[in-house]
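Here is the structure we will look at.
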Amino acid sequence: MSYLKEFTKGLVKENPTLVTLLGMCPTLAITTMASNAIGMGAAATFVLICSNVAISLLKKFIPKQVRLPSYIVVIAGFVTLISLILQAFVPAVYDALGIYLPLITVNCIILGRAEMFASKNNVAASALDGAGMGIGFTLALLAVGSIREIFGSGTWFGLPLIPEAAQEAIKPMTIFVLPAGGFFVLGCVIALVNKIANRKPPEATGCAACPNRESCISVEKTEKNLKNTEKEDNK
Amino acid sequence: MELAKSMMMILLTGILTDNFVLSKFLGICPFLGVSKTSSGSLGMGCAVTAVMILATAVTYPLYYLFLVPMGLEYLNTILFILIIAMLVQLIEMVLKKYIPTLYKSLGVYLPLITTNCAVLGVTLLNLEGYSFLESIVNSLGAGLGFMVAMLIFSGVRGRLERCNVPKAFAGMPITLVAASIVSLSFVGFGGLVDGLFGGA
């Protein structure tokens, strides 16, 4: 039962994109079309499962001080692997994802799961956690991608939704495909999830899962200290 | 003259029309995370710009002098991320030892940059047909663009803090909607660079 929970928690309750707010860059960048969302989601899920399994297996051998660089190298290895596979077998997806495919390496979801979960749990649980998180990420991408494609281009997975006769009257709203539309749709989808879940909205990006949390907190502390000293200087 | 013109074009394109944050969606995490105050935005922007230029100066020659002759182009992601992580550590150590005042103001932002996709992104994008000088200028433009976007957005966020927003939108959703409007204003720069320099 508990294994099932490791899988399902990533789908809705701890959805990496919509609830813990990780991995924003690919979510915004490639969701102009629903089919891109599937490609990106599948690639990220593959890397998540593989890196979670590898890191879970290696957790006893990686010294604590150099764990983050080690995780990044493991992740970068799998990203290179999936890029080569996609380039060979599905070149259309490879071209559509472009620069964002190698950038899966620095996707905070993957590093976050390695740090938060795989380095503390056994292989089976880590693999299921990776699969759940990956599918949750794909679902979120698909939701944002579908909204943007339907409103922005009038198509879904490339299929035209507006009937031939009405094409003169109904024009798709190009703004949804522009970068501005990406920010807007993602903001609205997160607000909708908040409304449905009726919970306190997250204040900022998912700090709890972020490997950089400590340095980020130190940033805020330093800023506060700076402000305090400034106030004292003014006095 | 011709050289200066093309350099200016690359620089302005990076800052205004093809802004890294607002049109390429690279470096969104720090853009949303550290842009609460203008001082934080400035510090982060400076640190990112410096690391981008240094990382390009190291990775570009390595790619063309080492990876290409050996036929190992596909290893670029692994090599670049390691070099960026190393560079960030190195800069941190050097600053701490020799320029402690600068370290005090910028040092805290440096560890955040290792996993910043804008830095890895710019080093990878520079491989797409830029010369060495052009890629350095492109990195400078990308870094400055990042800083400009952060600074503008920190101002917007300052106003947003004092607004009464619907409960479901409070926090991150309204920040994203505000970012969408800022991004929309950058659409207005489209065609500006071509207009200034008489077309590419």
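The values are calculated or read from the model by the stated rules, or taken from the named source; none is laboratory data. A quick note: this is a predicted structure, and the numbers were derived from the prediction, not measured. Cβ atoms come from the backbone with ideal geometry, glycine included; neighbour counts cover every protein chain shown. Remember, those area values only see protein heavy atoms, side chains included, never the ligands or the DNA or RNA. Shrake-Rupley method; radii C 1.70, N 1.55, O 1.52, S 1.80 Å.
Structure notes:
- Inter-label distance, residue B:68 to residue A:195: 5.3 nm, where each label sits 7 Å from its Cα along the C-beta direction.
- A/B buried area, accessible surface, summed, 1.4 Å probe, Å²: 4000 Å²
- For the stretch A:143-175, the list of chymotrypsin sites (Phe, Trp or Tyr not before Pro) that fall in a loop by DSSP and count at most 16 other C-beta atoms within 10 angstrom reads A:157.
- FRET efficiency, 1/(1 + (r/R0)^6) with R0 30 Å, evaluated for residue B:131 and residue A:38 via beta carbons: 0.20
- Estimated 222 nm signal from helices in chain B, with DSSP H stretches of n ≥ 4 weighted -39500 (n - 2.57), rounded to 500: -22000 deg cm²/dmol
- Å² per residue, accessible surface of the stretch B:27-188 at 1.4 Å: 42 Å²
- Cross-link check: pairs A:64/B:97; A:9/A:59; A:9/A:195; B:5/B:97; A:64/B:104 evaluated at a Cα-Cα cut-off of 28 Å; pairs beyond the cut-off: B:5/B:97.
- Counted charge near residue A:176, where neighbours are those whose Cβ lies closer than 11 Å (Asp, Glu -1; Lys, Arg +1): 0
- Full extension of the segment from residue B:161 to residue B:185, taken as 0.36 nm per residue of separation minus the current Cα-Cα distance, would add 6.6 nm.
- Helix axis angle, B:2-12 relative to chain B longest principal axis, alpha carbon, degrees: 40 degrees
- Taken over the stretch B:67-200, the alpha-carbon convex hull comes to 185 cubic angstrom per residue.
- Taking label positions 7 Å along the Cα-Cβ direction at both residue A:60 and residue A:122, the computed distance is 1.3 nm, reported to one decimal.
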